[in-house]
Amino acid sequence: MTETDTETGTDADTAGTSIPGALTALLLLSDGRFPAGGHAHSGGAEAAVADGRIRDAAGLADFCRGRLHTAGLVAAALAAAATAGLDPLALDAAADARTPSAALRSVSRRLGRQLMRAARATWPSAGLDALAAARPRGAHQPVVLGLTAQAAGLPPSAAAHAAAYESVSGPATAAVRLLSLDPFHAAAVLARLAPQIDATARTAASAAHRARTHGVSALPAASAPLLEISAEDHAAWPVRLFAS
Amino acid sequence: MSVTAAARIGAARDRYGGTALPVLAGAGPLALRRTRAARRGEARVTVVGAMSGPLGGDRLRIEVDVAAGARLTVDSAAATVSLPGRERRQARYDVRLTVGEDAELRWLPEPVIAARGSDLRMTTRVHLAPGARLVLREELVLGRHGEEAGHLTSRLTVEQAGRPLLDQELAFGPGAAPGWDGPAVLGPYRGVGQLLLVPGPTPGPALPLPPLTSRTALAGGGVLLMSLAPRTAFAQSAAAEVAAAEAAAAEAAALTG
């Protein structure tokens, strides 16, 4: 296994790594056009728009802020821990315990399976093969993301960054369709969140580092009751634009 | 002057098929009373607040050990109100619950209310042996009537036979991560309740849930009900909803045997 971990995450080690092509690998992995199936999911934004919790760009910003510091932080820490070489199956069980909503667990595993397919074709690795064999119906997406980052030569902090960014870029993109929101406004929401996304990725990378000595229970478990409750309801809608 | 106190409850099966309490040691503000159990074979302990609190800087702890085959219910006489106190330091409240094989714990405390200006970190860690049964309720209220919330972080970690079953942390109030009162986390709601049933009731007919409530099966077994409530008068809203959901779940269990 490649061991590219550094100390806790810093902006510098996210961007700069000694492995040629790693920075571009991070761009590729975070690109909404990377064929990992994320475009079909709104990260809870569809349910939030339907019951009036998001009405405009300001509401989207509030939603993204809350999601970043809860689901985003948890996903980023799981991803960083997988990149850092913690047992992927223990991380997969930790993700289950941190996702009480059965609907959200099923979404995370479906996204994990889709990312696994894309990742094995793009950055083949023994770590991805082993996880795919152990969880043929899909491991949790952040765990797959972390092993993908490792296969691409990225450090844990970069995996955390990709997961933290993804936790808000999905809802922002979905809101453009759901609310006919101006795409410029959605992009501005993400740009204004950038310092918090960076900080969340750093916190997640530090937690992953600590988990190497204290075990996976040291990873964050921040919960978002509205996301959990509305996801169960959304999964039962007969007609919807997004799968979650 | 802050308080450090640790209360302990130990329950064990006695030779008549009932439950004895070989350890019942209250401490500081955590006074313990043996109260009348509702069901045969069970013991019940009520936590009686001997003083208000926790206050800033206090460190309270309750340890409960239910040995193999014993059945225990723990409840409380009143809500726990987290208050600022003179010391502007964080208070801690740590709950450690251990349930042995074929033992049962019903942990049903009254709500924890985070009063304005308070700062409390709660941790609840539950270790379940294989075959252990648990009913656990946690209700958190954001401020007393008409006031803003204090800072509260509550982490609930449940493992069964060494495997993680549930690990959730909720944080709100001044000092919590931004977005806690936004549309992804708690929105405008002032109370949040969770009810965990391990094992979960056998799935029965689909029962209607109150609004803002979900009922979900955990990956490792067990069922979690989660409920949000609009007002601080939690006892009349979410708690009642959670209780109704619990009754519905119990009813479902009875229906399906």
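The values are calculated or read from the model by the stated rules, or taken from the named source; none is laboratory data. Because the structure is predicted, anything quoted here is derived from the model rather than measured. Virtual Cβ from ideal backbone geometry, glycine too; neighbours counted across all protein chains shown. For the accessible areas, the whole protein counts, side chains as well, though only heavy atoms, and no ligand, DNA or RNA atoms are used. Shrake-Rupley method; radii C 1.70, N 1.55, O 1.52, S 1.80 Å.
For the reader, a short list of remarks on this structure follows.
- Check on B:Val141, within 11 Å of chain A (Cβ to nearest Cβ) and crowded, with 21+ Cβ neighbours inside 10 Å: no
- Candidates A:Leu147, A:Leu178 - the one that is open to solvent by less than 20 Å² (accessible area, probe 1.4 Å) and either touching a residue at least 60 places away in the same chain (Cβ under 8 Å) or touching a helix residue (DSSP H, G or I) at 6+ places or on another chain (Cβ under 9 Å) (or both): A:Leu147
- Residue check, A:Ala119 surrounded by fewer than 22 Cβ atoms within 10 Å (Cβ to Cβ) and assigned to a helix (DSSP H, G or I): no
- From A:His161, A:His185, residue being crowded, with 24+ Cβ neighbours inside 10 Å and either in contact with a helix residue (DSSP H, G or I) (Cβ under 9 Å, 6 or more places away or on another chain) or under 23 Å from A:Leu73 (Cβ atoms) (or both): A:His161
- Verdict on B:Val66 being of a type in the set (Val, Ile, Thr), under 15 Å from B:Leu120 (Cα atoms) and out of contact with any Lys or Arg (no Cβ under 7 Å at 6 or more places or on another chain): no
- Of B:Val81, B:Val99, B:Val95, all but one fail to be at pLDDT below 95 and β-branched (Val, Ile, Thr); the exception is B:Val81.
- Residue list for the stretch B:156-194, filter: of a type in the set (D, E, K, R), within 7 Å of another protein chain (Cβ to nearest Cβ) and either within 24 Å of B:Ser118 (Cβ to Cβ) or crowded, with 22+ Cβ neighbours inside 10 Å (or both): B:Asp167, B:Glu169
- Pairs with Cβ under 6 Å, 6+ apart, first in the stretch A:215-241 and within 30 Å of B:Gly162 (Cα to Cα) and facing chain B (nearest Cβ under 8 Å), second of a type in the set (Asp, Glu) and surrounded by 15 or more Cβ atoms within 10 Å (Cβ to Cβ): A:Ala221/B:Asp167; A:Ala221/B:Glu169; A:Ala222/B:Glu169
Residues checked against (1) at pLDDT below 75; (2) loosely packed, with under 13 Cβ neighbours inside 10 Å:
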residue: A:Gly9; (1), (2): yes, no
residue: A:Asp13; (1), (2): yes, no
residue: A:Thr24; (1), (2): no, yes
residue: A:Leu29; (1), (2): no, no
residue: A:Pro35; (1), (2): no, no
residue: A:Ala40; (1), (2): no, no
residue: A:Ala45; (1), (2): no, no
residue: A:Arg53; (1), (2): no, no
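- When B:Leu152 is tested against (1) within 14 Å of chain A (Cβ to nearest Cβ); (2) surrounded by fewer than 24 Cβ atoms within 10 Å (Cβ to Cβ), just one condition goes unmet, and that condition is (2).
- Criterion violated by A:Arg105 - all others in (1) open to solvent by 10 Å² or more (accessible area, probe 1.4 Å); (2) touching a Leu at 6+ places or on another chain (Cβ under 8 Å); (3) facing another protein chain (nearest Cβ under 10 Å) satisfied: (2)
- Scanning the stretch B:38-70 for residues that are buried (at least 21 other Cβ atoms within 10 Å of the Cβ), under 20 Å from B:Val3 (Cβ atoms) and of a type in the set (Gly, Ala, Ser) yields B:Gly53, B:Gly56.
- Just one of the listed residues (A:Ala208, A:Ala204) is away from every other protein chain (no Cβ under 14 Å), assigned to a helix (DSSP H, G or I) and touching a Pro at 6+ places or on another chain (Cβ under 9 Å), namely A:Ala208.
- Summed over the stretch A:193-232, the residues that are closer than 21 Å to A:Asp96 by Cβ, open to solvent by 30 Å² or more (accessible area, probe 1.4 Å) and either β-branched (Val, Ile, Thr) or under 18 Å from the mean Cα position of the chain (by Cα) (or both) give a count of 1.
- Residue match in the stretch B:91-106 (condition: in contact with a His (Cβ under 8 Å, 6 or more places away or on another chain) and crowded, with 21+ Cβ neighbours inside 10 Å): yes
- Near pairs, Cβ below 7 angstrom, 6+ apart or cross-chain, from the stretch B:152-178 (free of Cβ contacts under 8 Å to residues at least 24 places away in the same chain) to any residue that is assigned to a loop (DSSP other than H, G, I, E, B) and open to solvent by 40 Å² or more (accessible area, probe 1.4 Å): B:Ala171/B:Ala177; B:Ala171/B:Trp180
- Of all residues in the stretch A:144-163, none satisfies being within 14 Å of another protein chain (Cβ to nearest Cβ) and either farther than 30 Å from B:Gly222 by Cα or assigned to a helix (DSSP H, G or I) (or both).
- Residue among A:Gln141, A:Gln114 that alone is touching a residue at least 12 places away in the same chain (Cβ under 8 Å) and either more than 19 Å from A:His69 (Cα to Cα) or surrounded by fewer than 24 Cβ atoms within 10 Å (Cβ to Cβ) (or both): A:Gln114
- Which listed residue, of A:Ala81, A:Ala75, A:Ala93, is under 16 Å from A:Pro220 (Cα atoms) and surrounded by fewer than 23 Cβ atoms within 10 Å (Cβ to Cβ): A:Ala93
- Test result for B:Glu110, open to solvent by 40 Å² or more (accessible area, probe 1.4 Å) and within 18 Å of B:Leu195 (Cα to Cα): yes
- Residue in the stretch A:91-102 that is touching a residue at least 60 places away in the same chain (Cβ under 8 Å), outside any loop (DSSP other than H, G, I, E, B), out of contact with any strand residue (DSSP E or B) (no Cβ under 8 Å at 6 or more places or on another chain) and more than 9 Å from every other protein chain (Cβ to nearest Cβ) present: yes
- Filter result (more than 23 Å from B:Gly191 (Cα to Cα) and not in a strand (DSSP E or B)) within the stretch B:86-144: B:Arg86, B:Glu87, B:Arg88, B:Arg89, B:Gly100, B:Glu101, B:Asp102, B:Ala103, B:Ala129, B:Pro130, B:Gly131, B:Ala132
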